[in-house]
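Worksheet: one structure, shown below.
Rule-based calculations on the coordinates, nothing more; no lab input. Bear in mind that the values here come from a model prediction, so they are computed numbers and not experimental data. Cβ placement follows ideal geometry from the backbone for every residue including glycine, while neighbour counts extend to all protein chains displayed.
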Amino acid sequence: MAPFLIVFDVDGTLVDSQAHIIGAMGHAFSVLRRPMPPRQDVLACVGLSLPEVFYRLVPQVDHEQRDLAEKAFKQYFAGQRADQSDPGFYAGILPLLRQLHQDPQFILGVATGNSRRGLNALLEASELHSYFLTTQTADEHPSKPHPSMLHQALLETGTEASRAVMIGDTSYDRDMACAAGMHAIGVTWGYHKAHQLSGCTHIAQTVPELPGFISQIMKA
């Protein structure tokens, strides 16, 4: 039987990057000389690509200003990650990735609103590059929930959508998976609440639940 593709979101699913995101967003708004939006509004946008984030947070400013904010965010965020020895993986995530990577029935991938530079830096710092056969970022695709990232992941791995699952913490991940014809597992330790993840095939409250949910999807 063909391997089963598991695609992970990054921020809020694999990595707890809340402090970095808030810090970088504060810097971006200081560059714009505007007050930062409420914390909950910022975190509600995690998972979207940066152009879409700033369009939602400051629709009243022009494209040049949003581009300036995006560049300021990226620079500050990259600097924070570079200065931190521990990328901030959620408890249990690294053993889970190791377990799945070592199992020949699985192929692993990433679909993230991060930049290519940011994702590569994270994977290199954590020595996880070899774990993922396909990695998709906001630099190459429209923002989630557009299914482009997942369409490309399926193409690169030669996988049918029915033999694939997207694992993420936001409704954007769920909607992207649905649009691509894939299963979706929502996780509640990230930035969207459980009720916002309704419609997922399964919703995981803890990391140890994920292997069982993956197995159930494979057998369905």
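Listing for the model above:
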quantity	calculated
Global size of the range 18-83 as Cα Rg and Dmax, reported in angstrom	10.8, 34
Computed over the chain: relative contact order in percent, which uses C-alpha pairs under 8 Å that are six or more apart	25
For the range 58-93 versus the range 28-48, the gap between their alpha-carbon centres in whole angstrom	11
Options Pro145, Ser126, Leu50, ranked by Cα towards positive dipole end of the range 48-145, top entry (Cβ charges)	Pro145
